[in-house]
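Presented below is the structure to which this report refers.
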Amino acid sequence: MIPLDTLRELFNYNYWARDRQLEACRALTEEQFLRPLGNSYSSLRDTLAHLVGAEWIWAERWRGNPTKGLPASSDFPDLPAITDRWRTVEHDVRELLATLNEEKLTAALHYTSSRGVACSYPLWRSMLHVINHQTYHRGQVTMFLRQLGLQAPALDLLVAADAGLFASA
């Protein structure tokens, strides 16, 4: 199992990295933001919509609320819509993290996937999955930013540590 403090640090890192990418995206034109660039999700908007949607689904599962699937990319017409929704999701995740203890982390999370499959994992593993998922797609966002001629921000965990994100050990 992953220690609760480590999990909280990873979510702090997740939001730090997200914020750096969202800031970089503010320099994009609407055309650039929506331009099909060919990847798992066609455009930067679609990739960011997937990231916020996936995090929302998991936050709902963690709180015991069933979902029907990801919101449509079109639910997020622009960067402010994505940012606003993500701030709400972040609030919900941070609220949940504040209530967790080691016992709750090891408890089984039972849910039905968006494909209708019954699943069960320890809560901590599903939370670590979200961090891993977000990191994977942030790499795609970095690639898109570079394809569009922008400077992609450094997102390495140690860059975050050097920026003072984590408490000194």
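Some values worked out for this structure:
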| quantity | calculated |
| --- | --- |
| Under-5 Å amide H pairs with LEU109, H placed in peptide plane, nonlocal only | TYR121, LEU123 |
| Cα-Cα separations in the range 92-169 greater than 20 Å, expressed as whole percent | 56 percent |
| Loop trypsin sites (Lys or Arg not before Pro), the range 33-96, which have at most 16 other Cβ atoms in a 10 Å radius of their Cβ (DSSP) | ARG63, LYS68 |
| ASN12-SER120 FRET efficiency (beta carbon distance; Förster radius 35 Å; 0.05 resolution) | 0.80 |
| Stokes-Einstein translational diffusion, the range 17-68 - Kirkwood Rh over all Cα pairs, 0.890 mPa s, 25 °C, in µm²/s | 198 µm²/s |
| Cα convex hull of the chain, projected area averaged across orientations, nm² | 10.0 nm² |
| Pairs of alpha carbons in the range 1-96 whose separation is greater than 19 Å (percent) | 45 percent |
| From phi via Karplus (6.51, -1.76, 1.60), per-residue ³J(HN,Hα) for the range 113-120 in Hz, x at Gly/Pro | 5, 5, 9, x, 8, 6, 10, 8 |
| Expected 222 nm ellipticity per residue - DSSP helices of 4 or more, -39500 (n - 2.57), all of the chain, to 500 | -20000 deg cm²/dmol |
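Every read-out reported here was derived from the displayed coordinates using simple, explicitly stated rules and does not represent laboratory data. Just so it is clear, the structure is predicted and the values come from calculations on it, not from any experiment. Please note: Cβ atoms are built from the backbone with ideal geometry, for glycine as well, and neighbour counts cover all protein chains shown.
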